[in-house]
Structure formats: structure tokens, C-alpha cells
Amino acid sequence: MDTSAIETVKCLIIGSGPAGYTAAIYASRANLAPVLYQGIQPGGQLTITTEVENYPGYADGVQGPEMMVHFEKQAARMGADIRYGIATRVDLSAQPYRVWIDDEKEIHAHAVIIATGASAKWLGLESEQRLNGHGVSACAVCDGFFFRGKDVAIVGAGDTAAEEALYLSKLCTHVHMVVRRDRMRASKVMQDRVLATPNITIHWNSETDEVLGGQNVEGVRLRNNQSGDLTEIAVSGFFVAIGHQPNSDIFKGWIDMDEAGYILTVPGSSRTNVEGVFAAGDVQDKTYRQAVTAAGSGCMAALDAERYLGAKGVH
């Protein structure tokens, strides 16, 4: 092996959303000399978000990509070593832990912070991707505010979809809920709430044929799975709530996860089942999934890593 391709670091951060960058800020201030690899989507999901109005400190709102540039600059100013590269393989069998970047460079790390995030699941329509950020969203809590007093559609049948439909119903004139089958997967209590909400219409046995609009969402075309009939509905917003996929595949077999692949952490901490490996942000949070909670857990991970390395005598 070419040992020149091996580098030993105190603290390795994998991922560059609010969790990763916040961890880098705190780890830098604690003199952990963190090395951060940005991953496949530098800045994370916020780079495909337009206006962010619910992050504290931005009184007039901020564009998602711009906010991530601010996070990155602050981490760099504190001394974090920020690099482009994707973690492709890990070996957590012995310390220091081994992480391969782009299948080439080998990093040996005394502490690892996993902040790889989660990716929204999409329907796979060209129009859905083209209009993403222009009326198409995978987060009602993030973007519902922009559709106050308007008609919107939401796709999904689970608890998250039901919860987001109810959230939208408080802001929007009407919510069209698109459900693929003749029943929902959501819990009974959530279904009852949706059915009891007068401005939510459920379109059963229906799938999205196309999101309509040129520059912005103007409507949605639905296909009935039983009759094949197509129906067009005028909406200004189109929300996809069919789930998220945590970006945790390379850690399978090493790190404990739930059945969906979310990394399990010790309650009240960022600690995983592997000593010296911490997880922060959406890769371990399937409940809140907000920029501010991700940043908070990134802070926790850096503080946990600092205490861990101090107790181990790594300076």
C-alpha cells in the first residue's frame, strides 16, 4: 500500500450540511483540527431549497445555498480543513478508524462525526425535478408558509404525509392529498384528523402523472389507478411526502440503525454504539429534520467528540 495516501487526523467530519458545518465550527474552537469532507452534495439539502425563513438570526430570510456558504465560511474562518470528497468505505473495527475518500485516500481518525444527512424520496418525474424550488418541495414545514391562502397538493399516505397535510391545511385555502391506494398507511388517529379537516380533499387510488407549470407550479395532473382517467387540478404548491432515505449505507454492519437506516444514538447525546463515532443531523433524526435541529446536534457531536478525545488523551 502507498502509505503516502494515508493521513491521520484527530477528528473527521463526514458531511457538510448544518450539522457537519456546525460540528466543524465547535471542533475547530476546541482545537480538534477537524477535517471535513463535504460529500456528494456540499451544503446538503439546503442547497436545493430557495427561501429559508425559519432559521433564527436571519430576520429577512435567506436563500438556502447562501446560508450554507455562510456556514462554510464560518467553519473555515475557525480553522476547519474543508475538502471536497466522498466517503466511500469505512473500517470501524479498530482505532484509529479508517475511512476511504473517493476509494483512494485513506484517513485514520481518532474520532468520527457522521453528518451525512438524508435525501428526500421523489416520484421520479422530470417536471418534479425541474420545478423543485419553484413550487415543488419535500418539506411542508420548511416551505408551507410561502403558500398561505393558496391551493396546494401533497403526495403520500403515511404519518408524515398526514401531518404535513394538516400543517398545510392551517395555512392554505385547500389541500389536495394524493393517495395511491384506497387506504392510507398513516396511524388511525392521523387518518381521523385528516378526514375531519374540511379543507383537505383526498384523491384515492390516484398517482401524479405530471406537475404542471412553466416557471412555477401551476397545477397537477392526476391519473386514477382504476379507471385510468386523467384529472387536472390548479395548485400553486406541490409537496412530496413519501419519505426520506438516510445516507448511511457505508456504515451498515458497523453502526446500529433502525429498520429504515437511521443511525441510532444514545438518548441525550450524539454517541453511537461504536466508541468515538458520533452522529448528527438528519442521518439520525427522522422526527424533526430542520436546519436548526441539525445544527444543534452538530454542536452536540463536536462537544461529545472533544470530551471523548480529552478522556483518551488525544491532543
Matching residues in the stretch 60-75 (in a helix (DSSP H, G or I), surrounded by fewer than 18 Cβ atoms within 10 Å (Cβ to Cβ) and more than 18 Å from the chain's Cα centre (by Cα)) number 3
Can you name the condition, by its number, that T116 falls short on among (1) closer than 23 Å to D304 by Cα; (2) without any contact (Cβ under 8 Å) to a residue 12 or more places away in the chain; (3) outside any strand (DSSP E or B)? (2)
Considering the stretch 171-191, residues that are within 24 Å of the chain's Cα centre (by Cα) and of a type outside the set (A, V, I, L, M, F, W, C), and then whichever is nearest to A120 (Cα to Cα), we arrive at R185
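Would you say I14 is modelled with pLDDT of 95 or more and of a type in the set (V, I, T)? Give the derivation first.
Values: modelled with pLDDT of 95 or more: yes; of a type in the set (V, I, T): yes.
Yes, satisfied.
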List the residue pairs whose Cβ atoms are under 6 Å apart, where the first residue sits in the stretch 27-48 and is within 18 Å of K121 (Cβ to Cβ), the second is part of a loop (DSSP other than H, G, I, E, B) and β-branched (V, I, T), and the two are 6 or more positions apart or on different chains. I40/I86
In the stretch 61-86, what residues are of a type in the set (G, A, S) and touching a helix residue (DSSP H, G or I) at 6+ places or on another chain (Cβ under 6 Å)? G64, A75, G79, A80
Could you tell me which of the residues R271, R185, R193, R223 is within 30 Å of F146 (Cβ to Cβ), charged (D, E, K, R) and in contact with a helix residue (DSSP H, G or I) (Cβ under 7 Å, 6 or more places away or on another chain)? R193
Please determine whether any residue of the stretch 236-257 is under 21 Å from the mean Cα position of the chain (by Cα), under 17 Å from K286 (Cα atoms) and free of Cβ contacts under 8 Å to residues at least 12 places away in the same chain. yes
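How about the stretch 78-107: which of its residues are of a type in the set (D, E, K, R), more than 23 Å from K312 (Cβ to Cβ) and within 25 Å of the chain's Cα centre (by Cα)?
R83, R89, D102, D103, listed by residue number.
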Does the stretch 181-193 include one or more residues that are under 20 Å from E232 (Cα atoms), assigned to a loop (DSSP other than H, G, I, E, B) and not charged (D, E, K, R)? no
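Mind listing just one residue for me: the one in the stretch 76-106 that is outside any strand (DSSP E or B) and in contact with a Pro (Cβ under 8 Å, 6 or more places away or on another chain) and, of those, farthest from C139 (Cα to Cα)? Talk me through it step by step, then tell me what you get.
So in the stretch 76-106, the residues outside any strand (DSSP E or B) come out as 76-80, 84-86, 92-96, 102-104.
Remaining after also requiring in contact with a Pro (Cβ under 8 Å, 6 or more places away or on another chain): 80, 84.
Values: A80: 30, Y84: 27 Å.
Filtering the stretch 76-106 for residues that are outside any strand (DSSP E or B) and in contact with a Pro (Cβ under 8 Å, 6 or more places away or on another chain), the one farthest from C139 (Cα to Cα) comes out as A80.
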I25 in contact with a Phe, Trp or Tyr (Cβ under 9 Å, 6 or more places away or on another chain) and either in a strand (DSSP E or B) or over 27 Å from S269 (Cβ atoms) (or both): no
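The values are calculated or read from the model by the stated rules, or taken from the named source; none is laboratory data. This is a predicted model, so every value here is computed, not measured. We place every Cβ from the backbone using ideal geometry, glycine too, and count neighbours over all the protein chains shown.
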